[in-house]
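The values are calculated or read from the model by the stated rules, or taken from the named source; none is laboratory data. None of these values were measured; they are calculated from a predicted model. Note: ideal-geometry Cβ built from the backbone for every residue, glycine included; neighbour counts use all protein chains shown. Ligands, DNA and RNA are excluded from the accessible area calculation, which covers all protein heavy atoms including side chains. Shrake-Rupley method; radii C 1.70, N 1.55, O 1.52, S 1.80 Å.
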Amino acid sequence: MKFIIGNWKMNGSRASLRDMIQKTEKIKTENRVVLCVPFTMLGETSDVISFGAQDVSSHERGAYTGEVSAAMIAETGAKYVIVGHSERRMYHDETNDIVREKAARALDNGLIPIICVGETMDEKRAGKTMDVITAAVRESIPNDVKDKIIVAYEPRWAIGAGITPSTDDIAHAHRVIADNLSYMGLDGTPILYGASVNAGNVADIISIENVGGVLVGGASLKPDEFIPIIQNVK
Ligand code: PGA
């Protein structure tokens, strides 16, 4: 079973989500299809798609105007939440420590955190990719999470760029993540690849060793792009 997780970021509408749900309702897939949508769109149901949020507060409750707690997300019926997406790390200065706190709140409330790690172009050019990934895996994951989390490798320079790393580079990064997870006693944790996934490249990406699924941004927004992705993951 592979994961196909869409991340709508700050796009779409309740109407476009309902359209996606309707157009996917007859799809047969062995895989797990999830859409992580803006908070205001949570609460829909589907037989094919599970739902998730894109961020969660690191606090349980209280005077944190504008934040949304893990309990609130769970109450909508959502099962997943992305934490530490590169856009949160970049625009909201989220560190590995903050990401770990957010993942812990998600787990406390029965949500599966999708913990994102990945290098910037500067880090890649400086030859630091594997160090950055290793630190993020070691520092962003709470304790005692066997079979409760998903990790996503998202090379930050390839997100939304229409380019992907080579097959060898993806395989290498996923091997490093898998080895770190194994060292932490987390063998079997699904490791998703994310950045510029589309219907044309998904079959090749999914066949790379240690790739347990994909995290799809732009191509998850429209049914005529997202449905072929689902169908091309065998
Ligand atoms: P993209 O985004 O597929 O548009 O590159 C991926 C992501 O940010 O999760």
Quiz item: Which one of these does VAL176 not meet: (1) within 16 Å of the ligand (Cβ to nearest atom); (2) more than 19 Å from CYS36 (Cα to Cα)?
Solution: (1)
Self-check item: Candidate set: the range 49-74, residues that are assigned to a helix (DSSP H, G or I) and surrounded by fewer than 18 Cβ atoms within 10 Å (Cβ to Cβ); chosen: the one nearest to the ligand (Cβ to nearest atom)
Solution: MET72
Quiz item: Which one of these is within 16 Å of the ligand (Cβ to nearest atom) and either surrounded by fewer than 20 Cβ atoms within 10 Å (Cβ to Cβ) or in a loop (DSSP other than H, G, I, E, B) (or both): VAL214, VAL197?
Solution: VAL197
Quiz item: Can you find a residue in the range 163-179 that is in a strand (DSSP E or B) and aliphatic (A, V, I, L, M)?
Solution: no
Quiz prompt | Of the criteria (1) part of a helix (DSSP H, G or I); (2) near the ligand (Cβ under 10 Å from one of its atoms); (3) open to solvent by 20 Å² or more (accessible area, probe 1.4 Å), which one ALA219 fails | solution = (3)
Quiz item: With respect to ALA135, is the statement that it is within 12 Å of the ligand (Cβ to nearest atom) and over 21 Å from VAL48 (Cβ atoms) true?
Solution: no
Quiz item: Restricting attention to the range 222-231, which residues are within 15 Å of the ligand (Cβ to nearest atom) and either open to solvent by 10 Å² or more (accessible area, probe 1.4 Å) or at positive phi (or both)?
Solution: LYS222, GLU225, PRO228
Self-check item: Options PRO142, PRO190; residue that is in contact (Cβ under 8 Å) with a residue 40 or more places away in the chain, open to solvent by 10 Å² or more (accessible area, probe 1.4 Å) and over 19 Å from ILE205 (Cβ atoms)
Solution: PRO142
Quiz item: Which of the residues that make up the range 89-106 are in a loop (DSSP other than H, G, I, E, B) and more than 16 Å from the ligand (Cβ to nearest atom)?
Solution: ASP93, THR95
Quiz item: Could you say whether any residue in the range 133-141 is within 21 Å of ALA106 (Cβ to Cβ), in contact with a Cys (Cβ under 9 Å, 6 or more places away or on another chain) and at pLDDT 95 or above?
Solution: yes
Self-check item: From LYS124, LYS128, residue being within 16 Å of the ligand (Cβ to nearest atom), without any contact (Cβ under 8 Å) to a residue 40 or more places away in the chain and open to solvent by 40 Å² or more (accessible area, probe 1.4 Å)
Solution: LYS124
Quiz item: Among the residues of the range 166-173, is there at least one that is buried (at least 16 other Cβ atoms within 10 Å of the Cβ), within 16 Å of the ligand (Cβ to nearest atom) and in contact (Cβ under 8 Å) with a residue 24 or more places away in the chain?
Solution: yes
Practice problem: Enumerate the pairs (first residue in the range 193-210 and touching a residue at least 12 places away in the same chain (Cβ under 8 Å); second residue anywhere and within 11 Å of the ligand (Cβ to nearest atom) and not hydrophobic (A, V, I, L, M, F, W, C)) with beta-carbon separation below 6 Å, excluding pairs fewer than 6 apart on the same chain, so at least 6 apart or on different chains. | Solution: TYR193/TYR153; GLY194/GLU154; ALA195/GLU154; ALA195/PRO155; SER196/GLY162; SER196/THR164; ILE205/TYR193
Self-check item: Subset of the range 1-48 that is small (Gly, Ala, Ser) and in a loop (DSSP other than H, G, I, E, B) - its residue that is surrounded by the most Cβ atoms within 10 Å (Cβ to Cβ)
Solution: GLY12
Quiz item: Somewhere in the range 75-88, is a residue over 21 Å from PRO190 (Cβ atoms), in a helix (DSSP H, G or I) and among the hydroxyl-bearing types (Ser, Thr, Tyr)?
Solution: no
